[in-house]
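> Can you read through this structure? Questions will come right after.
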Amino acid sequence: MKLIECVPNFSEGRDLKVIEQIADAIKNAGGKLLDVDPGNATNRTVITFVAEPKIVVNAAFAGIKKASELIDMSKHSGAHARMGATDVCPLIPVSGVTIEECVELSKELAKKVSEELSIATYLYEYAAQKEDRKNLAIIRAGEYEGFFEKIKLPEWKPDFGEIIHNKKSGSTVIGVREFLIAYNINLNTTSTLIARKIANRIREKGYPKRDENGKLVKKDGKKVFTPGLFKNVKAVGWYIEEYKRAQISINLTNFNITPIYEVFDAVCKLATEFGVRVTGSELVGLIPKKAIYDAGVYFIKKANQPYGLSEGEIIENAIQSLGLAELSSFEPNEKIIEYKVAKKRDLINMTITDFTDELASNSPAPGGGSIAALSAALSSALTAMVGNLTVGKAKYKKVNTEMKELSYKAQQLKEFFINIIDDDTDAFNEIMDAFKLPKNSEDEVLSRTKAIEDATKKATLIPFSVMEKISELYPLIEIALNKGNQSAISDAGVAALNAKSAFYGAYYNVLINLKDLKNETFNKYLKEKSLKLKEEVDSYDKKLSELIFSKLS
């Protein structure tokens, strides 16, 4: 799933009707609202929503446009620094999207805002075009009132738009940053001092340096700091009356550099040094699936256990290992972003009986494409099973590590194929919806034709992705056959058969959809790629078939 989080900050935190209209504009443009947080003293509202890349620009623009219509900055006052009706609007990659892709989208949004709303826009953080524009505070210095003159300075020419500070809407900063995880770790003590000491040790800023006499070390009149353990970590220690305990409040500003599990383990170690212990932790807000999934894998590996488990099992391990359910229940469908915004998966949540009944009905979908994906998922699951049946067996001690990794990779492929089951049917339904579009005028005919072509292309690429992934699965099946538990050789053989069935099922779907596509360049490219994959799979199938019969004979 390709997903981007967007967190626009609007300069209105008191008029709930205005806030509601802005939120509705974002929602109506396709944004999935996660949170609307108004502040009375700051007179500012932070709206958090997520969307796919193709939707996020339009949803963000809809919110910025509505804010420009409803908020008059010439009458605005509040405790928070601000320079526009939409003060700042960051795009944040959550899953399946790179920083670079988000930067291009931020430029597209900034251009659209400046051209269509006459609002000067600046780019910050990863999107910044100049080094001195990375920091939001530096751009915003002078705020709304000071920007009428600041914008005229050559060094503060907007990245997009005229050199005019819009009197009603001000100016806007748009950019890209990493996902911020707000995370608290709980201690079995009421000592704020201990919590602060631990916080100082882990945070990037670190703690004040002292000489051998215990006096603060200063340079040019300023304290010298000893760097903390982790980059991209901010932390403070405090006492929480509600929980009757001290807590370390942490912001992880880049979980790809400093993952949540490393911080948790470090705090556990430091707590022991100070004579206390960690009792659990809690998330404030939501977390990307990768961050918690990686934590689960880490703790399973740390316990030297097989980690070729289902996604649900790995995430449950992370919840238990981090103690995320200590203070309140932790519901993955509410706390993990991808789960919270996931489309309803009708097919994969059916019983086998209901699924086969649906398949046998007179509806054209689900059909062969979904079954190809299902066959691939079954093949992956069997491959993982053979790996897991090998791990821990004395006879296969030499391949223990290899089998753990095999099972892990097979499980990841299984998750991919499972999702395709519904994706393939959804893609077919999109084609049917495109055919139903009106064609009463020349513009409508052109729009309908494009929609059909786009939907058909999507419906072609989905089974093609199955073909590509099956080419990754075959080497795992071969390893399972050669090095895996030989008592499960027939299971590995069935995995190979299902992989072949899945590949050809997907291939048939690619070929039938290509017949309806008008783009000759795309057709030629995909046919050539498909033939190359077919040759590779046929070679694997022949080799594995001979191997299986030699072992079973």
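> Could you give the C-alpha radius of gyration of the stretch 372-417 expressed as a fraction of 2.2 N^0.38 Å, taking N as the number of residues it contains?
Cα Rg divided by the expected 2.2 N^0.38 Å: 1.19.
> Related question: Provide the packing ranking of 432-444, 275-287, 409-421, i.e. peptides ordered by the mean count of other C-beta atoms within 10 Å per residue, highest first.
409-421, 275-287, 432-444
> From largest to smallest, what semi-axes in whole angstrom does the chain give when each is the square root of 5 times an eigenvalue of its alpha carbon gyration tensor?
Taking √(5λ) for each eigenvalue gives 46, 37, 20 Å, largest first.
> If you wrap a convex hull around the Cα atoms of the stretch 273-427, how much volume per residue is inside, in Å³?
Expressed per residue, the convex hull around the Cα atoms of the stretch 273-427 is 144 Å³.
> Between the stretch 428-450 and the stretch 1-70, how many Å separate their Cα centres?
31 Å
> Also, quick follow-up: Please give the net charge around SER379, taking every other residue with its beta carbon less than 14 angstrom from that of SER379, where Lys and Arg add +1 and Asp and Glu add -1.
-1
> Kindly state, as a whole number, the per residue volume in cubic angstrom of the convex hull around the alpha carbon atoms of the stretch 397-511.
Roughly 88 Å³ of hull volume per residue.
> Now a separate question. If you take the square roots of the eigenvalues of the alpha-carbon gyration tensor of the stretch 172-217 and sort them as a ≥ b ≥ c, do you get rounded (a/c under 1.5), prolate (a/b over b/c) or oblate?
Note, shape of the stretch 172-217 comes out oblate.
> Defining a contact as two alpha carbons under 8 Å apart and six or more residues distant in sequence, what relative contact order in percent does the stretch 145-294 show?
Dividing the mean separation by the residue count of the stretch 145-294 yields 29 percent.
> Something else now. What would the Debye formula give as log10 I(q)/I(0) at q = 0.08, 0.10, 0.15 Å⁻¹ for the alpha-carbon point model of the stretch 181-341, no solvent?
Result of the Debye calculation: -0.26, -0.40, -0.82.
> A further question follows. In square nanometres, what is the average projected area of the Cα convex hull of the stretch 352-552?
Across all orientations, the stretch 352-552 yields a mean hull projection of 13.0 nm².
> Within 10 Å of each candidate Cβ there may be at most 16 other Cβ atoms; applying that plus a DSSP loop requirement, which trypsin sites (Lys or Arg not before Pro) in the stretch 1-40 survive?
Answer by residue number: LYS2, ARG14.
> Which angle between 0 and 90 degrees, to the nearest 10, do you get for helix 99-117 versus the longest principal axis of the chain when only C-alpha atoms count?
Tilt relative to the chain: about 60 degrees.
> Once the dipole of the chain is set up with Lys and Arg at +1 and Asp and Glu at -1 on Cβ about the Cα centre, which of VAL297, VAL267, ALA434 lies farthest towards its positive end?
Of VAL297, VAL267, ALA434, it is VAL267.
> Rounded to the nearest 0.05, what FRET efficiency do ASN429 and THR192 have when you use their Cβ-Cβ distance and R0 = 60 Å?
Given R0 = 60 Å and the Cβ-Cβ separation, E is 0.60.
> Which FRET efficiency value, to the nearest 0.05, do you get for LYS524 and ASN333 by plugging their Cβ-Cβ distance into 1/(1 + (r/R0)^6) with R0 = 41 Å?
0.40
> Less than 13 Å Cβ to Cβ from LEU324, Lys/Arg counted +1 and Asp/Glu -1: what total charge do the surrounding residues give?
-4
> Just to be sure I understand the model, the point goes 7 Å from the Cα along the line to the Cβ. What's the resulting ASP516 to LYS244 distance in nm?
6.5 nm
> Same structure again: In nm², what is the average projected area of the convex hull enclosing the Cα atoms of the stretch 25-129?
Projected area, direction-averaged: 6.8 nm².
> Then there's this: Sequence gap at least 6, Cα distance under 8 Å: using those rules, report the relative contact order of the chain to the nearest whole percent.
Relative contact order, the chain: 9 percent.
> Measure nothing but the geometry: give the 0 to 90° angle between the long axis through the Cα atoms of 400-435 and the longest principal axis through the Cα atoms of the chain, rounded to 10°.
For 400-435 against the chain, the angle is about 90 degrees.
> I want to check the label-to-label distance for GLU149 and SER545. Put each point 7 Å from Cα in the C-beta direction and report it in nm to one decimal.
Using points 7 Å along Cα→Cβ, the separation is 8.3 nm.
> On to the next question. Taking 8 Å as the Cα distance limit and 6 or more residues as the minimum spacing, I'd like the relative contact order of the stretch 3-176 as a percentage.
Averaging sequence separation for qualifying contacts and normalising by length gives 26 percent for the stretch 3-176.
> If a/c stays under 1.5 just call it rounded; otherwise compare a/b with b/c (prolate if a/b is bigger, oblate if not). Do that for the stretch 60-212, with a ≥ b ≥ c from the square roots of the Cα gyration tensor eigenvalues.
Because a/c hits 1.5 or more and a/b exceeds b/c, the stretch 60-212 counts as prolate.
> What ranking, highest mean first, results for peptides 190-201, 126-137, 81-92, 462-473 when packing means the other Cβ atoms within 10 Å averaged over each residue?
81-92, 462-473, 190-201, 126-137
> Identify the residues of the stretch 247-274 with backbone N under 15 Å of a label point that sits 7 angstrom from the Cα of LYS205 along the Cα-to-Cβ direction, or state none.
Once the point is set 7 Å along Cα→Cβ of LYS205, 249-253 turn out to lie under 15 Å by backbone N, inside the stretch 247-274.
> Label-point separation (nm) for GLU444 and GLU316, each offset 7 Å from Cα along Cα-to-Cβ?
5.3 nm
> Take the Cβ-Cβ distance between VAL224 and GLU104 as r, set R0 to 60 Å, and report the resulting FRET efficiency rounded to the nearest 0.05.
0.90
> Counting Lys +1, Arg +1, Asp -1, Glu -1, what net charge surrounds ILE314 among other residues with beta carbon under 11 Å of its beta carbon?
-3
A short reminder: the numbers here are calculations on the coordinates, not readings from a lab. This is a predicted model, so every value here is computed, not measured. Note: ideal-geometry Cβ built from the backbone for every residue, glycine included; neighbour counts use all protein chains shown.
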